[in-house]
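> Submitted below is the structure of interest, expressed as structure tokens.
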Amino acid sequence: MKKLVFIFAFPLLFTSCLKEGSNYVSYTGYINIDQMLVPDTARVGDVVQVFARGGAPNGCWSDLELIMTKQNDSLVYITGIGHFESTDGICTDIYQILDSTFSYKAMKPGTIKFVGQSPNDSLRVESLIVLPAR
């Protein structure tokens with residue numbers, strides 16, 4: 001009988017130690033791609049620099065990272081991730097920014113689309129025209 005009382009009383013005692021109204025949230029999520037700079041043209045074999053700027057809306061975001069992923073010969077995605085952590089939704093009102101530069105080697109003639117993906121579904125698209133080698 002004592003065990004039965006303990007089993008029912010333990011959750012009550014445990015939850016009574018929690019602060020009323022506290023709401024802790026922690027997750028990894030996508031951040032915005034705010035800017036991309038891609039050269040207009042390159043030649044096959046050239047290595048070009050692709051600049052990207054990502055941002056998160058407040059101070060609860062940390063460990064921001066930008067990632068460039070080649071989908072195929074004509075499509076490259078740039079995405080950003082970060083860690084969000086908050087208690088009771090209290091975040092400093094500061095826009096978190098991260099700049100990154102990626103090296104991209106042009107492998108064959110054509111147009112390469114660089115697409116910056118953001119969580120609000122707005123896309124930034126820049127094009128690189130790759131000309132034949134000299």
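The numbers here are math on the coordinates, done by the rules we state, and not lab data. Not measured: the values here are computed from a predicted model. Because the Cβ atoms are built from the backbone with ideal geometry, glycine has one as well, and the counts that use them run over all protein chains shown.
> Which ordering of ARG43, ARG53 is given by a fewest-first count of other beta-carbon atoms within 10 Å? Kindly include the intermediate steps, with their values, before the conclusion.
Values: ARG43 13, ARG53 17.
The order, fewest Cβ neighbours first, is ARG43, ARG53.
> Mind pulling the per residue volume of the convex hull built on the Cα atoms of the range 22-131? Å³ is fine.
Working: hull volume 9.2 nm³, N = 110.
Cα convex hull per residue, to the nearest whole number: 83 Å³.
> Which order results if TYR24, TYR104 are arranged by neighbouring Cβ count within 10 Å, fewest first?
TYR24, TYR104
> Using the Karplus curve 6.51 cos²θ - 1.76 cosθ + 1.60 with θ = phi - 60°, what ³J(HN,Hα) values do you get for each residue of the range 102-110, in whole Hz, with x for Gly and Pro?
These are the phi-based 3J(HN,Hα) values: 10, 9, 10, 9, 6, 9, 8, x, x Hz.
> Just want the ordering: GLU126, GLU65, from fewest to most Cβ atoms lying within 10 Å of their own Cβ.
Numbers: GLU126 20, GLU65 14.
Fewest-to-most Cβ neighbours within 10 Å comes out as GLU65, GLU126.
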